[in-house]
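Structure first, then comments.
Coordinate-derived values only; no laboratory data. Note that the coordinates shown come from a computational prediction; the quantities given were computed from them, not determined experimentally. Here Cβ is always computed from backbone atoms with ideal geometry, including for glycine, and neighbour counts include all displayed protein chains.
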Amino acid sequence: MPMPSSSSLLSAIRRLLASLALSPPPAAAAAMPPSSPEPEEEGMGRSDAGGGGGGEGGGGGGGRALSYGEAEYWDARYVEEGGAPYDWYQRYAALRPFVRRFAPPESRVLMIGCGSALMSEDMVDDGYTEIMNIDISSVVIEIMRKKHFNIPQLQCILNRFSVLFLSPLKFTIH
């Protein structure tokens, strides 16, 4: 089965958010390209317009702005933030009814792009027993592994995502 294009994936995300009467937070909305039938160029998301300063990462002064799809962007950002927790959209408590509707606590959950969010921890507190957190940032995965070493329900894995689709693992939601 072919992978959906990034533009069709963004359209699907927009439709899902609209069906839930939700909208992405302002920072995320600014990062999403405008709706259009044109395919995105290679890379995921926009380049950081700051070019290396101003709190959005930017890649550390090499002259080239990094995009959200590059591990280097996220590594620099998590180093700068010192591993502080950040839930991109909302905390689990706000999303709980939606999550539980599609995945009861006995589900195997794949948290793609886990970052430093508290959602997985909150889900374990709510009775979830198997959550695999993956991210492209080696920095945040190391932070999360150290933080969650005593929570056996959480696994934190560095993954460039493409390897994951070859895996025989099965998950209820992702």
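Hey, what's the Cα Rg ratio for segment 92-166 versus the globular rule of thumb, 2.2 N^0.38 Å?
1.07
Counting other C-beta atoms within 10 Å, which of I157, I143 has the fewest, and how do the rest follow?
Fewest to most other Cβ atoms nearby, the residues stand as I157, I143.
Any chance you could run the full-extension gain for E81 through S138? It's 0.36 nm times the residue separation minus the Cα-Cα distance, nm to one decimal.
Full extension from E81 to S138 adds 19.1 nm.
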